[in-house]
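To start, the structure itself, in structure tokens.
None of the figures in this text is laboratory data; all of them are computed from the coordinates on show. A quick note: this is a predicted structure, and the numbers were derived from the prediction, not measured.
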Amino acid sequence: MGFTMGLNLLLLVAMVATNILSLYHLSSTLQSTKSPVSQPVPDHLIRQLQTIRATINHLTRLHPTAAASASKTKLSIPSDLVLYSQFSPIASSCHTNPELLHKFMNYTPFSSCPSDSDLAEALILRGCHPLPRRRCFAKTPQKPSSSLPQNPFASSLPESNIIWEKYSCKGLGCLNRLNPNLGFDPSHEITKFMTFKTELDLPIPQLLQIAKAANSVLRLGLDIGGGTATFAARMKLYNVTMVTTTMNLGAPYNEVAALRGLVPLHVPLQQRLPIFDGVMDLVRCGHAVNRWIPVKSMEFLFYDLDRVLRVGGYLWFDHFFSKGVDLDKLYSPLITKLGYRKVKWATASKTDSGGLKNGEVYLTALLQKPVPS
């Protein structure tokens, strides 16, 4: 309480001083209109004004509720949030969601963390990423299984290794009944990426043959929005190491990917990939990369994908969908601007109810990053 009152008093004094200096500046300006010679504001007053403004900005960044209206309910600042802010940077979007941020950081240090994975994901999706670190122990399953499958397409996964309390479904069977295409049914997943049905398909054996014919080795790859990491699972059987970006969004995608012996990256699409420049042989963009992403955000994403790809690496848009007119006017020029060599470029109408209603089309494109000129 004393800390908050002292902070409010400091802010009040700072704002009063700012107003006095602003009035001085205004009066000097008005007088200068009557005089042929303008009277500049003294340098020391300008420096004081800048210092006061910088102090207010700094304090409101660290303590966003202190600058709130007096009529609004004040939030107590979690002590670990103040401590963490003193030595580590926090993304600006964290400060624009103070209630969620304070709730996330309001925990008891050195004890068990709250069961708030949904809160963490809500912050991540709002751009608060990476999240502030916490000094607590993440919750673990009560009775985890010690037997983990070596085969990523094993017929069953140890569900006891998943904490289900935050999900509406309490088991993989429930998720499979809800929608077998979600990626939680190994018997359904085992056929994916292996067959050729339409021109939009690019089976993995064909992808590997294309790379081999071009004397381009595939060893490391990134799958954007890969769900339960089925593509990474299949590539693992060909000795290609893939990491998969995935969000949970109501189901344990990250947990299941890890249970399959694969690496999930819990990162949103709007943030810079935590991967160094020019180290990936392959980047695949699945259904997560589609027309719902704003065009400018998509442009930044594409150039970040270019950043992590090595020269000669492949960028694969797998069933990218958009309105037909937008594909011609927006997305094709956006992709072409990268200057990649087109290895495969196939389009077809999207024939489900939403696709027919909105005049949507699919694009499958395999592009190779060229040697810089």
Long-range amide H partners of Thr244, meaning residues 5 or more apart or on another chain whose placed amide H is closer than 5 Å, are Asp223, Val263, Leu265
Quick numbers on region 265-373, Rg and Dmax over C-alpha atoms in Å, give 14.0, 45
Rounded to two decimals, the Rg over Rh value of region 108-239 from Cα coordinates and the Kirkwood Rh reads 1.04
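Please give the length that would be gained between Trp164 and Ser112 if that part of the chain were fully extended, namely 0.36 nm times their separation in residues minus their C-alpha to C-alpha distance (nm, one decimal).
17.0 nm
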Scalar couplings 3J(HN,Hα) for region 142-149 by Karplus 6.51 cos²θ - 1.76 cosθ + 1.60 (θ = phi - 60°), nearest whole Hz, x for Gly and Pro, are 5, 9, x, 7, 8, 9, 10, x
Amide H neighbours of Ala348 at under 5 Å, excluding residues fewer than 5 places away on the same chain, with H built from the backbone geometry, are Tyr362
Per residue, the convex hull enclosing the Cα atoms of region 184-303 spans a volume in Å³ of 129 Å³
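Structure shown: which of Lys337/Lys369; Lys212/Lys342; Lys197/Lys337; Lys236/Lys350; Lys170/Lys236 lie over 20 Å apart, alpha-carbon to alpha-carbon?
Beyond 20 Å between Cα atoms: Lys197/Lys337; Lys236/Lys350; Lys170/Lys236.
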